[in-house]
Amino acid sequence: MNISIRPVATALFVIFFSSALLERAQAGSGNYYPPVADKLTQDECGSCHMAYPAALLPGSSWRKIMSGLEQHFGDDASLDPASTSHITRYLVDNAADAAGTRHTRKMMRGVDTTNAPMRITELPKWISEHREISPREWRRKDVASKANCTACHIDASKGYFEDD
Amino acid sequence: MNSVFRSDSVALPHHPATLNDASIQPWQPKNGTPDKDSLVKALSRIFIVISGAIIASAVQAGPREELLDRYAREAKASEAAFSAFSSRSGEALHIARHATGKPDTPSCTACHGDDPRRPGQTKTGKSIDPMAVSVSQSRYTDAAKVEKWFRRNCTEVLGRACTPREKGDWLTYMISQ
């Protein structure tokens, strides 16, 4: 069996190159919040609700959330110390105010990033974007909570939060 | 050919035709010299057989059984009367409305739903895959995950940790579903 290395290398190169392009195109479209790309974060923070994109909150909020997982919005979401620090690092490195995440500035409007809320749903910009939604809509059975983004934003897990 | 079903053919260890069948001798060189292709084929067949055996043995002493063994040992250590887990008690624990935990989650079914073969839903509205092993085959194969959720959910529903017997009963119930 002699598999030539060249076609394989070419294929890999094409795959890498085109996915890099795709990523850029998505990031350019304004309301793109890159989905959580870290497996541990996806697993541990995506079982009770969607794993919220790191770019939806500033680093200070993630730090606060991650240092109080025993009392997490009324739930016990605690983890072992190694997992906690791994996830904290991922979220802070990809937070709204981390270097190189310019496309997420919009949600940070009016937010003091050093003393930000712990909820995405308490960001001033989130509140104004959702002001026109009727109480009936919020009570729809499959919505259950404001924090259930995917009930209305069907492409939320792909990073898109546009009109439903 | 109906001879296969005759009782006398059962006594024959090999059907004569099988012995002459070239297809079960893949490494037999077809034109005198050993050719690379058939060697690779033979080796990959050996590989498949070996890995099949490994998988089969892993299934026999699977992680679910190991977990049940562990809970049984712990149950025996803490209560002398313990003999075996009961799927009925597991079901009772699952559906009972306990008054000792959080008011909005009085029972396991608050999130996991009334039918273990159907999906449940968290308080935040996210769907939870069914808990019954017959429909969610990969469940309870990661001991750390199982322990983590018993810890969280028993506190949530019962206001305390579950005992080894409760965990074993509940697991036995879900495995039977």
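The values are calculated or read from the model by the stated rules, or taken from the named source; none is laboratory data. What you see is a predicted model; the values in this text were computed from it and never measured. When we count neighbours, we look across all protein chains shown, and the Cβ atoms used for this are built from the backbone with ideal geometry, even at glycine. Surface areas here come from the heavy atoms of the whole protein model, side chains and all, with no ligands, DNA or RNA. Shrake-Rupley method; radii C 1.70, N 1.55, O 1.52, S 1.80 Å.
Residue by residue through region A:23-41, note down the ones that are modelled with pLDDT under 50, assigned to a helix (DSSP H, G or I) and closer than 18 Å to residue A:156 by Cβ. A:23, A:26, A:27, listed by residue number. Within region A:113-133, restricting attention to residues that are surrounded by 14 or more Cβ atoms within 10 Å (Cβ to Cβ) and among the basic types (Lys, Arg), the residue that is nearest to residue A:147 (Cα to Cα) is A:119.
Taking the criterion of being among the small types (Gly, Ala, Ser), open to solvent by 30 Å² or more (accessible area, probe 1.4 Å), assigned to a loop (DSSP other than H, G, I, E, B) and within 14 Å of chain B (Cβ to nearest Cβ), the residues of region A:134-164 that qualify are A:144, A:145.
Identify the residue in region B:125-143 that is at the interface with chain A (Cβ under 9 Å from one of its Cβ atoms) and within 16 Å of residue A:43 (Cβ to Cβ) and, among all such residues, is most open to solvent (accessible area, probe 1.4 Å). Give the steps one after another, and end with the answer.
If we filter region B:125-143 for residues that are at the interface with chain A (Cβ under 9 Å from one of its Cβ atoms), which is where we start, we get B:125-126, B:128.
Filter once more, so that each one left must be within 16 Å of residue A:43 (Cβ to Cβ): B:126, B:128.
Values: B:126: 68, B:128: 30 Å².
Among residues in region B:125-143 that are at the interface with chain A (Cβ under 9 Å from one of its Cβ atoms) and within 16 Å of residue A:43 (Cβ to Cβ), the one most open to solvent (accessible area, probe 1.4 Å) is B:126.
If you check residue A:44 against the conditions, is it farther than 24 Å from residue A:124 by Cβ and either among the hydrophobic types (A, V, I, L, M, F, W, C) or at pLDDT 90 or above (or both)? Please lay out each step first, then the result.
Values: farther than 24 Å from residue A:124 by Cβ: yes; either among the hydrophobic types (A, V, I, L, M, F, W, C) or at pLDDT 90 or above (or both): yes.
So residue A:44 fits the description; yes.
For the condition closer than 22 Å to residue B:147 by Cβ and at pLDDT below 90, residue B:75 does not qualify.
A Cβ distance below 7 Å, combined with a sequence gap of six or more or placement on separate chains, defines the contacts here; from region A:67-94, residues that are open to solvent by 80 Å² or more (accessible area, probe 1.4 Å) reach residues that are outside any helix (DSSP H, G or I) and of a type outside the set (S, T, N, Q) in the pairs A:70/A:76.
When the residues of region B:74-118 are narrowed to those that are of a type in the set (Asp, Glu), open to solvent by less than 90 Å² (accessible area, probe 1.4 Å) and within 30 Å of residue A:145 (Cβ to Cβ), which ends up farthest from the other protein chains (Cβ to nearest Cβ)?
Here is the first cut: in region B:74-118, the ones of a type in the set (Asp, Glu) are B:74, B:79, B:91, B:104, B:114-115.
Next, from what is left, pick out any that are open to solvent by less than 90 Å² (accessible area, probe 1.4 Å): B:74, B:79, B:91, B:115.
Restricting the remaining residues to those that are within 30 Å of residue A:145 (Cβ to Cβ) gives B:91, B:115.
Details: B:91: 24, B:115: 18 Å.
Only one residue fits best here, namely B:91.
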